[in-house]
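Enquirer: This is the structure, below, for whatever I ask next.
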Amino acid sequence: MTHLPGEALSTASEADLAQAERFVAGEWLFVRGVPSLEFLPEADRAEVAFAGRSNVGKSSLINALVGQHGLARTSNTPGRTQELNFFRPPDQGAGRLLYLVDMPGYGFAKAPKHKVQVWTRLVKDYLRGRATLKRVFLLIDARHGLKPVDSEVMKLLNEAAVSFQIALTKVDKISATSREALHLSTMEALKAHPAAFPQVLLTSSTRGDGLPELRAVIAGFAA
Ligand code: GDP
């Protein structure tokens, strides 16, 4: 298999990729929105979470990942934006037990202070207290790269000792040269973060880049 410069080198085998396709197939279900920790579902399976600045392309990526338009709502949907939204695959058989968690977007330019506090509180408590949380995918818009607010979140993840992995989004919007440069600079920035998984995923929801690899990582956590 050949790779373009800057393309995520997949460690997944063909068999892993095929198994991951089967894993995401079918209609995913919205389990519940969690505005505070007492509403969390029972921690009886592994879970992976998606975090990122508002408008990073998080809803689009989750929807593209499971091939289901409208599963994750865009950040413009009132109400659900301040909650942890839990989803699960349809079939609960062996190898399909997992929660996928859509975390509330952060970094609104004009977010009122109390909103930021609510976000920080919920996310901090969740990250610290959830033993079944296997990985947080931290989404970064490829056009903007890491922003100070993303570094704050990485710090939070480090402090909570939660494994996180960067997924660049919207890579269709930048040139192959910029992708290569961004990939390298992001890898470099991760060296300061012990909780960072040392592989950056390059994704595009519109074009499909990186989705099979991301599916394979997620399917690998299902029991
Ligand atoms: P969220 O706020 O993080 O959930 O972001 P959305 O998924 O709502 O996406 C924000 C905007 O970016 C929308 O206009 C999407 O159409 C656009 N977008 C999301 N993913 C991609 C992508 O992979 N490529 C391109 N070109 N646009 C994208």
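Enquirer: Of the candidates Leu157, Leu40, Leu139, which one comes out as most mobile in a Gaussian network treatment of the chain with C-alpha springs shorter than 10 Å?
Expert: Of the options given, Leu40 has the highest mean-square fluctuation.
Enquirer: If you build the convex hull over the alpha carbons only and average its shadow over all orientations, what do you get for region 91-223? Give it in nm² to one decimal.
Expert: Details: hull surface 36.1 nm².
For the Cα atoms of region 91-223, the hull's average projected area reads 9.0 nm².
Enquirer: Ordered by packing density, taken as the mean number of other Cβ atoms within 10 Å over each peptide's residues, highest first, how do 101-109, 57-65, 175-183, 42-50 rank? Before the final figure, lay out the partial values.
Expert: Numbers: 101-109: 19.4, 57-65: 22.6, 175-183: 15.9, 42-50: 17.4.
The packing order, highest mean first, is 57-65, 101-109, 42-50, 175-183.
Enquirer: Sticking with this structure for a sec: I'd like to check one number: the per residue accessible area of region 48-146, probe 1.4 Å, reported in Å² as a whole number.
Expert: 44
Enquirer: Express the carbon and sulfur contribution to the solvent-accessible surface of region 98-148 as a percent, rounded to the nearest whole number, probe 1.4 angstrom. If you can, show how the numbers build up before the last one.
Expert: Working: 1330 of 2490 Å².
So the carbon and sulfur contribution to the accessible surface is 53 percent.
Enquirer: Can you give the alpha-carbon Rg of the chain over 2.2 N^0.38 Å, where N counts its residues?
Expert: Working: Rg = 16.4 Å, N = 223, 2.2 N^0.38 = 17.2 Å.
This ratio for the chain stands at 0.96.
Enquirer: Excluding same-chain residues fewer than 8 positions from Lys170, which lysines have a Cα within less than 21 Å of its Cα?
Expert: Lys58, Lys147
Enquirer: What number does region 153-223 give for Rg over Rh if you use C-alpha atoms and the Kirkwood radius? Each step should come with its number before you reach the end.
Expert: Values: Rg = 13.1 Å, Rh = 13.2 Å.
That ratio is 1.00, to two decimals.
The values are calculated or read from the model by the stated rules, or taken from the named source; none is laboratory data. Keep in mind that what you see is a predicted model, and the values were worked out from it rather than measured. Cβ: placed from backbone, ideal geometry, glycine included. Neighbour counts: every protein chain shown. Please note that ligands, DNA and RNA were not included when accessible areas were found on the heavy atoms of the full protein model with its side chains. Shrake-Rupley method; radii C 1.70, N 1.55, O 1.52, S 1.80 Å.
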